[in-house]
1. Search the structure for amide H atoms under 5 Å from the amide H of residue A:284, placed 1.01 Å from N in the peptide plane, and list their residues when 5 or more places away or on another chain.
2. Treating only the Cα positions of segment A:164-240 as identical point scatterers, give the base-10 log of I(q)/I(0) from the Debye formula at each q in 0.24, 0.26 Å⁻¹.
3. Give a residue-ordered list of calculated ³J(HN,Hα) values for segment B:143-158 (Karplus: 6.51 cos²θ - 1.76 cosθ + 1.60, θ = phi - 60°; whole Hz; x for Gly, Pro).
4. Counting only C-alpha contacts under 8 Å and six or more residues apart, can you give the relative contact order of chain A as a whole percent?
5. Kindly express, to the nearest 10 degrees and within the range 0 to 90, the angle between helix A:264-274's C-alpha long axis and the longest C-alpha principal axis of chain A.
6. If one takes the accessible area of chain A alone plus chain B alone and subtracts that of the pair, with a 1.4 Å probe, what total in Å², rounded to the nearest 100, results?
7. If you rank A:130, A:220 by how much accessible surface each has, with a 1.4 Å probe, what is the order from largest down?
8. Per 0.36 nm of contour for each residue apart, how much would the distance between residue A:359 and residue A:387 grow if the chain were fully extended, relative to their Cα-Cα spacing?
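The values are calculated or read from the model by the stated rules, or taken from the named source; none is laboratory data. All values reported here derive from a predicted model rather than from experimental measurement. Neighbour counts are summed over all protein chains in view; Cβ atoms, including those assigned to glycine, are modelled from backbone coordinates with ideal geometry. Quick note on the areas: whole protein, heavy atoms, side chains included, nothing else; ligands and nucleic acids left out. Shrake-Rupley method; radii C 1.70, N 1.55, O 1.52, S 1.80 Å.
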Amino acid sequence: MIEKALKGGSGYWAWIIFLLAIIGMGGMFYVQQYNYGLGITGMSRDVTWGVYISQFTFLVGVAAGGLMLVLPYYIHHYKDFGRITILGEFMAIAAVIMCLLFIMADLGQPIRALNVLLHPTPNSMLFWDMIVLNGYLFLNVVCGWAVLHAEYKGVKYARWVKYLIYLSIPWAVSIHTVTAFLYCGLPGRHFWLTAILAPRFLASAFAAGPALLLLVALIMERTTKFRVGQVAKDKLVTIIGYAALLNFFFVGCEFFVAYYSQIPGHMHTLDYLFWGLSHDGHTYNNLVPFMRASMLMGLVGIPLIFIARARQSGGLLALSCILLFLSLWIDKGLGLVLGGFVPTMMEGVTEYYPSVQELGITAAIWATGFFVLTLLYKVAIEVKLEQEG
Amino acid sequence: MKKDRRDFLKVAGLAAIAGIGAPSAFNMLLKGEATASEQSAAAAGQGEAVAAPTGKRWGMVIDVRKFVANPNLPAKCVEACHTIHNVPNFGNPKDEIKWIWPDKFEAVFPDESHYKRHEALHSMPIMTLCNHCDKPPCVRACPTKATYRMKDGVVAMDYHRCIGCRFCMAACPYGARSFNWRDPRGKDENGNPFIKTVNPKFPTRMRGVVEKCNFCVERLALGQIPACVEATGTTGAMVFGDLNDPNSEVSKVLSANFTIQRKPSLGTYPSLFYII
């Protein structure tokens with residue numbers, strides 16, 4: 001089955017070479033980082049996590065988003081998702097691989113990573129995160145591959161696969177819940193210390209994951225003979241739209257609690273993210289344009305995606321998916337993690353700017369994800385097209 | 001209709017599984033933490049130990065008045081600690097590593113910093129170091145037990161086990177932890193070593209691990225007091241001792257003075273007390 005990834009047109013190979021080039025560039029930057037230390041990044045004593053961990057956090061959401069395809073298809077027998085459920089599972093694989101790579105890139109001593117297994121520590125949320133992420137990767141690799149291989153052979157998949165698929169559904173919820181618990185269980189970081197963090201993570205995940213999937217589906221409609229079908233696309237719009245709405249409702253709740261209570265610790269980070277925070281005669285606001293853009297793209301994207309569906313406009317649909325994906329990416333993949341470090345634990349403000357090397361490594365890990373995604377999707381749609389003759 | 005019922009049963013079944021699963025997972029989590037503490041109580045130095053009700057329980061009182069009276073004292077404490085522990089100086093705040101340092105009142109005690117606070121509080125040097133909490137959030141967060149709480153109250157680090165994930169730095173509400181962003185054993189562009197003179201009695205660290213004040217655990221083992229306390233000499237600016245011993249100097253100072261702690265509302269139970 002894997003041989004299907006080895007045959008393709010010139011466009012396919014150009015894309016593969018493009019991704020490999022980015023991965024190679026990032027690999028060189030990683031050698032630099034490995035030799036110099038994490039000081040080569042923009043992280044500091046005050047902002048100890050940067051783009052690596054924020055990308056990781058966001059991509060856990062993309063991985064969990066696959067749930068929104070698996071659940072309707074396998075639990076509710078929603079047949080119209082028959083062609084894209086596998087795409088959701090394969091997207092989860094690519095996303096989890098990126099998550100694990102981002103964690104590795106962020107470790108000060110990556111060669112000691114297995115200490116987490118050697119000295120298992122159940123009171124650490126990072127220990128649980130490792131378990132749920134690797135478990136989710138395993139479940140999706142096994143289920144996705146087994147189901148697709150059965151289709152390739154023209155038979156129904158084995159019974160045991162079904163049970164693993166059922167297991168993968170709560171498991172998807174767990175990966176993003178535990179990832180939220182990394183943040184919301186830390187005393188002293190007011191911005192993260194909120195019980196609504198896990199629900200908010202899930203809501204944004206269920207919008208961002210399917211939005212990316214729908215976008216890829218629209219691209220594949222242009223570049224391949226594969227069609228996900230109008231009904232499935234329309235249904236995805238419902239899922240994305242409502243999940244995004246829920247996310248912004250949760251964000252609104254955070255705003256209310258902070259600004260109605262007027263408790264400084266609760267307001268500081270939101271001030272910093274959306275208006276700029278004054279401290280010792282200096283205003284710190286390097287994330288303000290991003291956060292405002294995120295808010296704007298989200299609030300435009302939600303009505304736009306429903307309008308796109310009503311008008312059956314592929315162009316508008318793609319645009320609204322891009323807006324929503326970018327909005328949620330900035331919200332969680334930038335503001336959430338970086339914002340948590342402002343103000344510092346000594347009531348100061350330190351701003352973070354990623355370094356060139358850091359951005360290069362980040363781009364390379366994204367490219368690795370898209371590389372895995374491309375290979376898996378190539379196999380999946382070739383098998384699907386073959387079966388349909 | 002029939003199909004609807006089947007769907008409902010499946011969803012209900014799934015919900016039930018989740019319902020059963022969640023509490024048991026929670027129990028497991030709690031139990032996990034409990035076993036970790038029990039183990040540590042047995043084999044001292046593992047995981048999160050409960051405060052020892054008997055035996056040694058180290059604590060410190062910092063008398064800020066004495067630091068105000070002796071303006072050269074803060075630098076002396078920092079120098080003593082950082083020299084003994086081979087703390088590198090990178091010369092910039094981004095890579096900075098510090099175990100003990102003087103900071104502003106409003107930075108150390110944000111909850112006590114109301115808008116009519118006394119003029120004297122604005123320039124006061126407050127010595128800041130690891131609080132050696134009874135319930136340390138850093139120890140809870142560490143995924144490898146590289147940082148752990150000993151029975152005598154010291155929160156210590158194993159530099160050889162640390163994977164450099166910096167979860168402890170996010171978890172510490174006191175900003176007490178530093179990370180080796182670059183090789184502390186290296187030299188700057190001009191060839192000056194980051195550690196001016198290496199103390200061979202204490203290990204230097206490697207790149208990519210977290211470090212912090214260790215309450216001079218290596219000196220306590222030899223019956224000595226922490227280096228910063230020693231540097232304050234006879235001023236009484238820092239009093240160190242056994243909190244469980246009612247006759248120790250630290251216990252007497254604590255019972256005779258009004259003291260405050262950093263962020264007590266977080267429930268970390270620091271071993272440091274301040275007289276302002």
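1. A:277, A:278, A:279
2. After summing over all Cα pairs, the log10 values are -1.05, -1.12.
3. For segment B:143-158, the Karplus curve yields x, 10, 6, 5, 10, 8, 9, 8, 4, 7, x, 7, 9, 10, 10, 10 Hz.
4. On the way: 542 pairs, mean separation 118.0, N = 389.
Relative CO of chain A lands at 30 percent.
5. The helix A:264-274 is inclined about 60 degrees to chain A.
6. Values: alone 17440 and 15220 Å², together 28270 Å².
Buried area between the two chains comes out at roughly 4400 Å².
7. Numbers: A:130 45, A:220 15 Å².
Greatest to least solvent exposure: A:130, A:220.
8. Values: separation 28, 0.36 × 28 = 10.08 nm, distance 4.16 nm.
Length gained between residue A:359 and residue A:387: 5.9 nm.
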